[in-house]
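Nothing in this text is a laboratory measurement; each read-out follows from the coordinates by a stated rule. These figures come from a predicted structure and were not determined experimentally. When we count neighbours, we look across all protein chains shown, and the Cβ atoms used for this are built from the backbone with ideal geometry, even at glycine.
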Amino acid sequence: MNFSEIKFPPALFITGIGTDVGKSFVTGWLAREMNSVGISCITQKMIQTGNIGKSEDIDRHRSIMRSGYLPEDLSGITAPQIFSYPASPHLAAEIDHRQIDLDAISNATDTLRQRYSHVLVEGAGGLMVPLIGNYLTADYIADHRLPVVVAVTGQLGSINHALLTFKTLPSYGIEIFAVVYNPFFDKDQTICADTRKYLRNWLASFSPETIWMEMPVITDE
């Protein structure tokens, strides 16, 4: 995959087929590879839960990128909404007796776009995670016209979860820019090889413009 030949949109939203599929690793890896070919790229965590004062996902991004903390991290722009309880954003906000400030998130993205040519915004959980009431992550992505990168895995159940995600995105008018296969969970090689093949073939048939990427195994560094 030659990253210098890919026309990345100025802002991309990184989602996944569920929670714990490696979105943070995908986000950090994409940013690292983009920066390595001269693309000015920074990452943002849309909403961080389970933390106080800083974002563990931003920490992971910077570790993978080997960049260290950036000025935007220290000023809080890259993680504008942090909640203490490790739960879905709507519940974490309720427990902290706060409301999610969607304007703070979008304003932070706009600020980052003024400083960098590309911004990768990592979501919290999957596409249908609620934010405020019935307002879902998919609604936010659609309202801000963000193309998405979908993180997928090969483990059992991934075909079902991936196709549910792939089929839902167009109904919101959201472009699937790329799908990134994360091999970290490849325990059963028979299942994972079939999942990878099936998803690639499905995208070739129903979303041929979508870029398929396969990242290396990345662990906490």
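Counting only pairs 8 or more residues apart or on different chains, how many lysine pairs in the chain have their Cα atoms under 30 Å apart?
Total qualifying Lys-Lys pairs in the chain comes to 15.
Any idea what angle helix 189-206 forms with the longest principal axis of the chain, computed on alpha-carbon atoms, 0 to 90 degrees, nearest 10?
Helix 189-206 and the main axis of the chain meet at about 90 degrees.
Given the DSSP H assignment, sum -39500 (n - 2.57) over each helix run of at least 4 residues in the chain and divide by its residue total; what's the result at 222 nm in deg cm²/dmol, nearest 500?
Per the formula, -12000 deg cm²/dmol.
Going by how many other Cβ atoms sit within 10 Å of their own, how do Met1, Met46 line up, fewest first?
Ordered from fewest to most neighbouring Cβ atoms within 10 Å, Met1, Met46 come out as Met1, Met46.
Calculate how large, on average over all directions, the projected area of the Cα convex hull of the chain is; give the answer in nm² to one decimal.
Computing the convex hull of the Cα atoms and averaging its projections yields 11.4 nm².
Quick one: what are the phi-derived ³J(HN,Hα) couplings along region 82-91, Karplus 6.51/-1.76/1.60 with θ = phi - 60°, whole Hz, x for glycine and proline?
10, 10, 7, 8, x, 8, 4, x, 5, 6
From the Cα gyration tensor of region 50-174, with a ≥ b ≥ c the square roots of its eigenvalues, which class applies: rounded if a/c is under 1.5, or else prolate if a/b is larger than b/c, or else oblate?
Taking the square roots of the gyration eigenvalues as a ≥ b ≥ c, region 50-174 is rounded.
Which angle between 0 and 90 degrees, to the nearest 10, do you get for helix 158-171 versus the longest principal axis of the chain when only C-alpha atoms count?
The two axes meet at around 70 degrees.
Provide the three semi-axes, in whole Å and in decreasing order, of the ellipsoid equivalent to region 121-198 as defined by the square roots of 5 times the Cα gyration tensor eigenvalues.
26, 12, 11
Whose amide H sits under 5 Å from the amide H of Phe83, counting only residues 5 or more places off or on another chain, with H placed in the peptide plane?
HN-HN under 5 Å from Phe83: Gln48, Thr49, Gly50, Asn51.
Using only the Cα atoms of region 39-79, what do you get for the radius of gyration and for Dmax, in Å?
Taking only Cα atoms of region 39-79, I get Rg and Dmax of 9.7, 31 Å.
Show me, for region 19-25, the HN-Hα J-couplings you get by feeding each phi into the Karplus relation (A = 6.51, B = -1.76, C = 1.60, θ = phi - 60°), rounded to Hz, glycine and proline as x.
8, 6, 10, x, 4, 5, 5
Please tell me the relative contact order of the chain in percent, rounded to the nearest whole number, where contacts are Cα pairs under 8 Å and at least six residues apart.
Relative contact order here is 25 percent.
Angle, helix 102-115 long axis vs. longest principal axis of the chain, Cα atoms, 0 to 90°, nearest 10?
Approximately 80 degrees, to the nearest 10.
For an R0 of 25 angstrom, estimate the FRET efficiency from the Cβ-Cβ distance between Thr219 and Ser67 and round to the nearest 0.05.
0.90
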